[in-house]
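The values are calculated or read from the model by the stated rules, or taken from the named source; none is laboratory data. No experiment lies behind these values; they were computed from the predicted model shown. Reconstructed Cβ throughout: ideal geometry from the backbone, glycine too, with neighbour counts over all protein chains shown.
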Amino acid sequence: MLLENFRPTAKLVTKTTLVDRPKFPVIDAHNHLGEPFGGGWDKKPLPELLDLLDEAGVSHYVDLDGGWGEDLLNDHLDLFKAKAPERFSIFGGVDWVQWAEMGNQFPEWAANRLRIQQARGAEGLKIWKPFGLHVQDHLGALVKVDDQRLDPIWQTAAELGLPVLVHVADPVAFFDPIDETNERWEEIGNHPDWAFTSPPFPPFLEILEDFKKMVSRHPATTFIGAHVGCYAENLGWVGQMLSECTNYFIDISGRLGELGRQPYTARRFFIQYQDRILFGSDMGPDLDAYRLYYRFLETEDEYFNYNVGEIPMQGRWHVSGMFLPDDVLAKVYYCNAERILFKKAIA
């Protein structure tokens with residue numbers, strides 16, 4: 001039998017708690033609505049989407065697809081924000097490709113585009129993971145995350161009061177050699193373009209340290225670190241950055257598998273940084289995915305699949321719930337996001 005065909009069935013007898021709805025209304029601060037990540041809801045009836053979000057207990061939905069380009073931003077503002085303004089926020093982005101043509105004028109141009117995007121209706125800025133891995137300047141040089149030429153963009157975000165949601169790097173194992181020791185070997189085999197082995201790519205920690213420098217140098221700008229601060233494998237590191245950078249928040253999107261295999265550490269982390277953590281799923285408006293997150297956050301269930309499919313998606317392990325206190329749940333589910341998106345103070 002090939003290892004890829006090995007599907008062991010656990011004989012462990014554990015409790016299964018079905019959480020159909022969250023204890024509190026949810027603001028999903030990291031998600032998508034188009035293809036390929038959001039389920040193509042830009043081509044489906046809006047009432048169906050609103051009914052699904054109602055059933056999931058999601059009161060507000062942050063769509064990051066505008067970060068792919070201004071055409072998508074404008075389309076999604078028209079399709080979602082204009083028709084249900086109380087239910088959606090759409091984030092804009094930076095068109096890095098223009099740097100090759102604009103040269104040294106690019107940072108100021110990008111900052112001005114952010115002003116135009118906000119005037120159009122964008123309520124935040126999304127930075128995708130090519131930043132630090134692929135983005136090049138007009139000379140063909142890889143742009144470091146802490147490149148000070150980009151300061152006008154981050155300063156403009158602060159001036160406009162727009163949060164900047166940043167995804168840099170990727171799971172640590174994607175930067176390791178692709179051999180028998182790599183815990184994400186199967187996943188990288190299915191997606192070879194997700195491998196960022198160093199060299200030729202920058203080392204993982206170099207990217208994260210540059211990110212920390214950037215956030216530290218712009219204390220007036222609100223930054224959100226996507227996917228548990230882009231380093232869910234090391235909550236101590238993420239916590240240190242949260243402690244040092246009071247303008248920094250994180251979301252928990254796409255990292256249930258990482259958090260759930262360290263539930264004791266994760267629970268302590270959530271309680272300690274309860275004012276700085278945002279809910280997000282990054283799985284599109286998927287009812288089953290939402291209910292998995294609610295089960296993880298609200299119950300003490302042990303050893304369950306963190307993926308909606310038959311096989312755990314990110315690694316051959318299972319997760320356990322954190323059973324968070326209600327006051328912490330309320331902050332993670334909606335209070336912290338209200339503070340950033342709607343400038344509401346935590347009671």
Practice problem: Please work out which residue is modelled with the lowest pLDDT, limiting yourself to region 292-306 and to residues that are under 17 Å from Arg7 (Cβ atoms) and surrounded by fewer than 18 Cβ atoms within 10 Å (Cβ to Cβ). | Solution: Asn305
Quiz item: Name the residues in region 176-217 that are of a type in the set (A, V, I, L, M) and more than 30 Å from Gln155 (Cα to Cα), would you?
Solution: Ile178, Ile188, Ala195
Practice problem: Identify all residues within region 314-339 that are within 16 Å of Arg255 (Cα to Cα) and either crowded, with 17+ Cβ neighbours inside 10 Å or touching a Cys at 6+ places or on another chain (Cβ under 9 Å) (or both); write none if there are none. | Solution: Gln314, Gly315, His318, Val319, Ser320, Gly321, Met322, Val332, Tyr333
Quiz item: Which residues, taken from region 89-101, are among the hydrophobic types (A, V, I, L, M, F, W, C) and surrounded by 16 or more Cβ atoms within 10 Å (Cβ to Cβ)?
Solution: Ile90, Phe91, Val94, Trp96, Trp99
Quiz item: In region 48-94, which residue that is small (Gly, Ala, Ser) and assigned to a helix (DSSP H, G or I) is modelled with the lowest pLDDT?
Solution: Gly67
Practice problem: Give the residues of region 121-177 that are among the polar types (S, T, N, Q) and buried (at least 19 other Cβ atoms within 10 Å of the Cβ), sorted by residue number. | Solution: Thr156
Practice problem: Within region 218-236, track down each residue that is touching a residue at least 40 places away in the same chain (Cβ under 8 Å) and either more than 14 Å from Leu259 (Cβ to Cβ) or not in a loop (DSSP other than H, G, I, E, B) (or both). | Solution: His218, Ala220, Thr221, Thr222, Phe223, Ile224, Gly225, Ala226, His227
Practice problem: Please report, ordered by residue number, the helices (runs of 4 or more DSSP H) entirely within region 238-321 with at least 3 residues that are out of contact with any helix residue (DSSP H, G or I) (no Cβ under 7 Å at 6 or more places or on another chain) and either farther than 19 Å from Pro163 by Cα or not acidic (Asp, Glu) (or both). | Solution: 263-272, 287-298
Practice problem: Pull up region 71-88, narrow it to residues that are within 22 Å of the chain's Cα centre (by Cα) and more than 15 Å from Gln118 (Cα to Cα), then point me to the one that is surrounded by the most Cβ atoms within 10 Å (Cβ to Cβ). | Solution: Phe80
